[in-house]
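The values are calculated or read from the model by the stated rules, or taken from the named source; none is laboratory data. Just so it is clear, the structure is predicted and the values come from calculations on it, not from any experiment. Counting neighbours? That spans all protein chains shown, and the Cβs are built from the backbone with ideal geometry, glycine included.
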Amino acid sequence: MNFDLHRARGSSAIPMTPFTEQDRIDEEVLAREIEFIVRCGSTSITTPVMVSEFENLSESERKLMIRIPCQVAGGRLAVIANVAAPCSPQAVEYAKYAEDCGASAVIAMPPSGVSFDFIRDYFQKISAALKIPVMIQNHSMAGTMLSPAQIIRLCEEIENVKWVKQEVVPGPVSISALKAAASPALEGIMSGYGSQYAPLDYARGAIASIHACEWADLVQQVWDLFFSGKEKEGRELHYRILPALQLEGILGMRYAKQVMIRRGVFKNTIMRKAAPELSEDDMKEIDRIFELVSPWMKDIKL
């Protein structure tokens, strides 16, 4: 079921965690969400990360958010499983579980407030437990942010650590610093920021954006144009759909879940992480967004 990450170019879509009224993960909706991502044309799924409210999930729920995506995807695209944890033994347990489920790779954010020696040992132990690639999630606002030199060192010294999700201020500029190192040990870079900077990410060397899944079909179309040599057309499409991506940054995951309701996937916008309800004005703006991007939306029947 493994899927070569070098083929995971474009949209790496993150599933939001769907909850029932009884505060349980809705497995039926989750399976539908994964099928939606596949039909959008995304080339990978990253789960469960911050968009998925992973910090508010139990250990068994985190494993469920790995198992079901692997089962539903069935090798049709890569599954990148989040194994981040405060300590190495817990991260290794998640990593082994993910590989057993058929994940193509794992991703981990370094714990916060720890030394580089701790981080190196943490990734070494994750790598030693696996045969699949390990991706570093490097973030400015969570975990422990790593410098380009530290990332390259981890890639050069640890066997399976070969990829990075670079989401560090000032955004795509930080990708250039990694590419400048020109180390063959770093096999690939994915970006974040909800794919809002896709043209810059692509131009500076990223091969994909890791983003919430509600507009995965739109994001993949942009990247497909880039990789087919039509960068100008890709930029034009990106700037047309950009308001839809930007609104997520303002309204958060309730917005993403509301979009998924309208796309026939979710049943509600229930969240565990504290988040304001959408207002009447918010809903009107979502109406406008749908009208704006409708020419490029896939009609996905589930």
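Key figures for this structure:
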| item | result |
| --- | --- |
| Ala149 being aliphatic (A, V, I, L, M) and surrounded by 22 or more Cβ atoms within 10 Å (Cβ to Cβ) | no |
| Test: Asp281 is surrounded by fewer than 22 Cβ atoms within 10 Å (Cβ to Cβ) and either in contact with a Pro (Cβ under 7 Å, 6 or more places away or on another chain) or part of a helix (DSSP H, G or I) (or both) | yes |
| Check on Ala142, surrounded by fewer than 18 Cβ atoms within 10 Å (Cβ to Cβ), of a type in the set (Gly, Ala, Ser) and in contact with a helix residue (DSSP H, G or I) (Cβ under 8 Å, 6 or more places away or on another chain) | yes |
| Qualifying residue in the range 232-242 (condition: within 25 Å of Ser176 (Cα to Cα), assigned to a helix (DSSP H, G or I) and modelled with pLDDT under 95) | no |
| Subset tally (residues that are surrounded by fewer than 19 Cβ atoms within 10 Å (Cβ to Cβ), small (Gly, Ala, Ser) and free of Cβ contacts under 8 Å to residues at least 40 places away in the same chain) for the range 39-87 | 2 |
| Boolean, Thr20 is under 18 Å from Tyr97 (Cα atoms) and hydroxyl-bearing (Ser, Thr, Tyr) | no |
| Filter result for Gly194 (surrounded by fewer than 18 Cβ atoms within 10 Å (Cβ to Cβ), touching a residue at least 12 places away in the same chain (Cβ under 8 Å) and under 23 Å from Thr46 (Cβ atoms)) | no |
| Complete set of residues in the range 71-94 that are within 19 Å of Gly41 (Cβ to Cβ) and not β-branched (Val, Ile, Thr) | Ala73, Gly74, Gly75, Arg76, Leu77, Ala78 |
| Leu154 being within 19 Å of Ala91 (Cβ to Cβ) and assigned to a loop (DSSP other than H, G, I, E, B) | no |
| Test for Ser88: is it over 24 Å from Gln124 (Cα atoms), out of contact with any Cys (no Cβ under 6 Å at 6 or more places or on another chain) and among the polar types (S, T, N, Q) | no |
| Residue within the range 57-77 that is of a type in the set (Val, Ile, Thr) and closer than 22 Å to Tyr193 by Cβ present | no |
| Contacts under 9 angstrom Cβ, first residue in the range 251-272 being at positive phi and assigned to a loop (DSSP other than H, G, I, E, B), partner among the acidic types (Asp, Glu) and at pLDDT 95 or above, 6 or more apart | none |
| Condition broken by Gln90, with the remaining ones in (1) buried (at least 16 other Cβ atoms within 10 Å of the Cβ); (2) more than 18 Å from the chain's Cα centre (by Cα) satisfied | (1) |
